[in-house]
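Asks: Can you read through this structure? Questions will come right after.
The values are calculated or read from the model by the stated rules, or taken from the named source; none is laboratory data. Since we're looking at a predicted model, the values are computed, not measured. Every residue, glycine as well, gets a Cβ built from its backbone with ideal geometry; the counts of neighbours run over all protein chains shown. Surface accessibility is based on the protein's heavy atoms, side chains included, excluding ligands, DNA and RNA. Shrake-Rupley method; radii C 1.70, N 1.55, O 1.52, S 1.80 Å.
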Amino acid sequence: MNTPRTRRILVDADACPVKDEVYKVAWRLEVPVWVVSNSHLRVPAHPLITRIVVSDGFDAADDWIAENAGPGAVVITADILLADRALKAGAQVLAPTGKPFTTSSIGAAIATRAIMADLRAGGDQIGGPAAFSKADRSRFLQALDAALVRAR
């Protein structure tokens, strides 16, 4: 599947709140999408959409996405460690909020993730991410469109 420079979207789908938006953009721009999950998810019956169900093993979906990421790919994930792997493979990476992960920002994101994990492990009560909003959805649509244009 991983053809160099072939435009494609790889979705870390188990908890992705923007799958419908991905489909709409993919159909409009005629870009294939691989929806990768650990369990069977409902996806539209469309020739551009492929459902990939991996084992329920730890990081199985992440491993599949990382192995198939590369130039031309746009990876959709909120997982910072997967984002790092996809960037190293040459893919563009977007969070479901539309925030791009870049080679210059991923180090800080990984460090923040580690600090937050340490705080939680120490028993500190810290808040989670903000609730997903309409503004996040709109920002994501704009960012995905721009990323696919760059991937052309």
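Asks: Given R₀ = 41 Å, what would the calculated FRET efficiency be for Ala121 paired with Leu41, taking r from the Cβ atoms and rounding to 0.05? Write down the numbers at each step before the final one.
Replies: On the way: r = 31 Å, r/R0 = 0.76.
About 0.85, to the nearest 0.05.
Asks: Which order do you get for Thr103, Thr77 if you rank them by accessible area with a 1.4 Å probe, largest at the top?
Replies: Working: Thr103 115, Thr77 0 Å².
Sorted by accessible area, descending: Thr103, Thr77.
Asks: If you don't mind, another one. Going from most exposed to least, what order do Leu29, Leu10, Leu81 have by accessible area with a 1.4 Å probe?
Replies: Details: Leu29 35, Leu10 0, Leu81 75 Å².
Sorted by accessible area, descending: Leu81, Leu29, Leu10.
Asks: Can I ask one more? Given a 1.4 Å probe and heavy atoms of the protein chains only, how would you sort Asp12, Asp56, largest accessible area at the top? Spell out each step's value before the answer.
Replies: Numbers: Asp12 30, Asp56 140 Å².
So the residues, ranked largest to smallest area, are Asp56, Asp12.
Asks: Any number yet on Rg/Rh for segment 1-79, C-alpha, Kirkwood?
Replies: Taking Rh as the inverse mean 1/r over Cα pairs, Rg/Rh reads 0.93.
Asks: Now a separate question. What does the extension gain come out to for Ala135 and Lys24, with contour length at 0.36 nm per residue minus their alpha carbon separation? List each step's numbers first, then the result.
Replies: Numbers: separation 111, 0.36 × 111 = 39.96 nm, distance 1.73 nm.
Gain on stretching Ala135 to Lys24: 38.2 nm.
Asks: Run the simple label-point estimate for Ser55 and Lys88 please: 7 Å along Cα→C-beta, distance reported in nm.
Replies: Those two pseudo-labels are separated by 2.2 nm.
Asks: Sticking with this one: Step through the residues of segment 141-150 one at a time and calculate ³J(HN,Hα) from phi using the Karplus curve (6.51 cos²θ - 1.76 cosθ + 1.60, θ = phi - 60°), rounding each to whole Hz and writing x for Gly and Pro.
Replies: Karplus-based 3J(HN,Hα) across segment 141-150 equals 4, 5, 5, 5, 4, 5, 5, 5, 5, 5 Hz.
Asks: Additional query: What fraction of the DSSP beta bridges in segment 1-93 is antiparallel, stated in percent and rounded to the nearest 5?
Replies: Details: 0 of 15 bridges.
Beta bridges within segment 1-93, antiparallel portion: roughly 0 percent.
Asks: On average, how much accessible surface per residue is there in segment 27-73, in Å², for a 1.4 Å probe, leaving out ligands, DNA and RNA? Provide the component values of the computation, followed by the final result.
Replies: Values: 2560 Å² over 47 residues.
Heavy-atom SASA per residue in segment 27-73 reads 55 Å².
Asks: Here is a follow-up. Tell me, what % of the accessible area of segment 1-79 is carbon and sulfur with a 1.4 angstrom probe? Write down the numbers at each step before the final one.
Replies: Working: 1950 of 3850 Å².
Carbon and sulfur together cover 51 percent of it.
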